[in-house]
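The values are calculated or read from the model by the stated rules, or taken from the named source; none is laboratory data. All of these numbers come straight from a predicted model, not from anything done at the bench. We place every Cβ from the backbone using ideal geometry, glycine too, and count neighbours over all the protein chains shown.
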Amino acid sequence: MVDLPLTGGCQCGAVRYELNAPPTTVYNCHCTNCQTISGGAFATVLMSPRDSLRFTAEEPAVTEWQATSGKTRFGWFCGSCGVRIAHGTHAGPDDLAGKVLSVRAGTLDDTSWVRPVGDGWVRSAQPWVVIPDDRRKFEKQPDDYPGLAAAFAAQKNFG
Ligand SMILES: [Zn+2]
Ligand SMILES: [Zn+2]
């Protein structure tokens, strides 16, 4: 069982955060944006309710870009060491997209429980990445969040 709040932060420790609710799911994103940001083959992200995240030390810096959906995405990162903490979408109050964050799982203090249940943007996955058969695969942005949430809930990390 994993205790709340989840805590994490950047490499230098200037930006620290708490998540006061369980993530709804955990998956790997193989989009080229995540490859660039991570400097690796994919990013493992926690989908978290936006109001569950609280910064507890310095405020993060912000970068923005236009998603293929046309919406403006933003990324919070440490202005000192540059580590990316989380991404979100600027959206209206009634728009679900504005209510979730994708938190970079590798920034958690304790990653021992993190097991992705799916893989998004597999069409741009590196050819040497092997995705186990028991994970949900999506050619582009995952479009079955209820399914991913159910698979994550089955791990029973949070009771
Ligand atoms: Zn830092
Ligand atoms: Zn991505």
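Note on the stretch 53-102: among residues that are among the polar types (S, T, N, Q) and outside any strand (DSSP E or B), the one that is nearest to G39 (Cα to Cα) is S80. Please tell me if G75 is more than 21 Å from P142 (Cα to Cα), under 16 Å from the mean Cα position of the chain (by Cα) and either more than 14 Å from ligand 2 (Cβ to nearest atom) or small (G, A, S) (or both). The answer is no for G75. Number of residues in the stretch 81-95 that are within 13 Å of ligand 2 (Cβ to nearest atom) and farther than 27 Å from G106 by Cα equals 0. Residue pairs whose Cβ atoms lie under 8 Å apart, separated by 6 or more positions or on different chains, with the first residue in the stretch 3-27 and among the acidic types (D, E) and the second outside any loop (DSSP other than H, G, I, E, B) and within 16 Å of ligand 1 (Cβ to nearest atom), are E18/T7. Counting only residues that are assigned to a loop (DSSP other than H, G, I, E, B) and within 12 Å of ligand 2 (Cβ to nearest atom), which one in the stretch 35-52 is surrounded by the most Cβ atoms within 10 Å (Cβ to Cβ)? Filtering the stretch 35-52 for residues that are assigned to a loop (DSSP other than H, G, I, E, B) and within 12 Å of ligand 2 (Cβ to nearest atom), the one surrounded by the most Cβ atoms within 10 Å (Cβ to Cβ) comes out as F42. Please state which one of T89, T32, T25 is of a type in the set (V, I, T), loosely packed, with under 14 Cβ neighbours inside 10 Å and either within 25 Å of G159 (Cα to Cα) or touching a Ser or Thr at 6+ places or on another chain (Cβ under 9 Å) (or both). Testing whether each residue is of a type in the set (V, I, T), loosely packed, with under 14 Cβ neighbours inside 10 Å and either within 25 Å of G159 (Cα to Cα) or touching a Ser or Thr at 6+ places or on another chain (Cβ under 9 Å) (or both) leaves just T32.
Report yes if some residue within the stretch 111-119 is in contact with a strand residue (DSSP E or B) (Cβ under 9 Å, 6 or more places away or on another chain), part of a helix (DSSP H, G or I) and surrounded by 13 or more Cβ atoms within 10 Å (Cβ to Cβ); otherwise report no. Within the stretch 111-119 (the criterion being in contact with a strand residue (DSSP E or B) (Cβ under 9 Å, 6 or more places away or on another chain), part of a helix (DSSP H, G or I) and surrounded by 13 or more Cβ atoms within 10 Å (Cβ to Cβ)), the answer is no, since none of the residues qualifies.
This table checks each residue for (1) aliphatic (A, V, I, L, M); (2) at pLDDT 95 or above.
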position: I37; (1), (2): yes, no
position: S48; (1), (2): no, yes
position: E58; (1), (2): no, yes
position: R73; (1), (2): no, no
